[in-house]
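Everything below concerns the one structure shown next.
The values are calculated or read from the model by the stated rules, or taken from the named source; none is laboratory data. The model shown is predicted, which means the values in this text are computed figures rather than measured ones. Backbone-built Cβ (ideal geometry, glycine too); neighbour counts: all protein chains shown. Each accessible area value is taken on the protein alone, full model and side chains, heavy atoms only, with ligands, DNA and RNA left out. Shrake-Rupley method; radii C 1.70, N 1.55, O 1.52, S 1.80 Å.
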Amino acid sequence: MNKNYYAIIMAGGVGSRFWPVSTPEFPKQFHDMLGTGETLVQKTFTRLSQLIPKENILILTNDKYQDILKEQLPTITDEQIVLEPDMRNTAPCILYASLKIKKQNPNAVMIVAPSDHWIEDEVQFVANLQRSFDICEHDKVLMTLGILPTFPNTGYGYIEYDKLDSRQVKKVVQFREKPDYQTAKKFIQKRNFLWNSGIFIWSVQSILDAFEHFQPEMYQLFINGYEQLNTEEESIFIKENYHKAANISIDYAVMENASNVFVLPATFDWNDLGTWGSLYDKLPKDEFENAMVNGKLFVENATNNIIRTNPGKMVVVGGLDDFIVVDKDDVLLIYPKKKEQEIKQIVAKLNEEKLN
């Protein structure tokens, strides 16, 4: 394996749309959401280690998830766990981890990947990643993997690329925010739009140069502690300074500003597993299009539902169509699938009630 290959796995999110399974104390990346025997973060680590030396994979997460992470990935060292004392979105944590990698290996090329994606064809994923690494080793570019849209999805951001670019890797024209349905339909009709996967590839020097140019204050904040990184003094510096970083995503901070951004249209199946509906799409179904995770299901006049319960539990469902049914400890969720985006707001309201 190439010792210059590195990975940053982002595993700090809360995943509130997967409530009540995903909670702030134990979020979705640490659950076996698909009933495969591996949690999402375990699957991501296994997938990336097909190309990247295991010791070169860093996992970004919040302080409070350190013990869960060590339990689920027992072979990693403490040095591979990059802890965020505060939630500041994706740009600060990527800058922090990139500086740590540069100090280890200034020739590094790396992938930044979320921990909660479902990628079925891992052979194609590795081939796409290898192609991207080959480019980033020689060219000063910021790359992302774009997903060919299969329908006008309003839950994803989009990447518009140059229609006249006949190369396999396309020059990015601009990133587009999550559209409404009519706009998403127009994007697909134009045939030069891809879903934004949130997977990025670049050399460590390319991304640090971009941060220095587009986010000079944030860059200076972290570079002030460069000597402390990868030493015993690192945690003191981070605890004292991390909260000072702007709360901004890597898209806003760098990608939407840079002119050297390219996209490789991916050749693998992909799902960001952001909602119960997206999980339903990936699960096997019975003859009535019901999907079951863990338990045993008996249905009477019930279709298009996703049901999740504790392993071995019998669930009987009748007269329901297109619903989410989740039984978890002391919570039972029964909610229409088409209104699943509301779950995040419901969780916020429930938390408010607890505080009052």
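Points worth noting:
- Springs join every pair of Cα atoms under 10 Å in this Gaussian network model of the chain, and among Ala91, Ala302, Ala11 the largest mean-square fluctuation is at Ala302.
- Within a Gaussian network of the chain (alpha carbon springs, distance under 10 Å), most fluctuating of Ser115, Ser203, Ser16: Ser16
- Relative contact order of the chain, pairs being alpha-carbon contacts under 8 Å that are 6 or more residues apart, as %: 19 percent
- A Gaussian network model of the chain, with springs between Cα atoms under 10 Å, assigns the largest mean-square fluctuation among Gln205, Gln80, Gln220 to Gln220.
- Spatial separation of Cα centroids for the range 68-138 and the range 183-241, in angstrom: 12 Å
- Centre separation in Å (Cα based) which lies between the range 283-349 and the range 15-41: 15 Å
- Only protein atoms count toward the accessible area here, which uses a 1.4 Å probe; on the chain, the carbon and sulfur part of that area reaches 48 percent.
- Dipole magnitude (debye, nearest 20) for the chain, charges at Cβ of Lys, Arg, Asp, Glu: 860 debye
- Listed cross-link partners Lys43/Lys339; Lys43/Lys178; Lys190/Lys244; Lys178/Lys244; Lys244/Lys339; Lys186/Lys344 are compared with a 32 Å cut-off, the Cα-Cα value being larger for Lys190/Lys244; Lys244/Lys339.
- Prolate/oblate/rounded label for the range 13-134 (Cα gyration tensor, a/c 1.5): oblate
- Each residue of the range 107-122 was assigned a 3J(HN,Hα) from its phi angle through the Karplus curve 6.51 cos²θ - 1.76 cosθ + 1.60 (θ = phi - 60°); the sequence is 9, 5, 10, 8, 10, 10, 9, x, 8, 10, 8, 10, 10, 7, 8, 6 Hz, with glycine and proline shown as x.
- Legend: Rg and Dmax of the range 261-356, from Cα coordinates, 16.0, 52 Å.
- Straight-line reach from Lys140: taking Cα to Cα under 23 Å and skipping same-chain neighbours fewer than 8 places apart, the lysines in range are Lys3, Lys100, Lys102, Lys103, Lys163, Lys170, Lys171.
- Magnitude of the charge dipole, the range 210-268, Cβ model with Lys/Arg +1 and Asp/Glu -1, debye to 20: 200 debye
- Here the range 163-286 is assigned +1 on the Cβ of each Lys and Arg and -1 on the Cβ of each Asp and Glu. Its dipole about the Cα centre then comes out at about 1100 debye.
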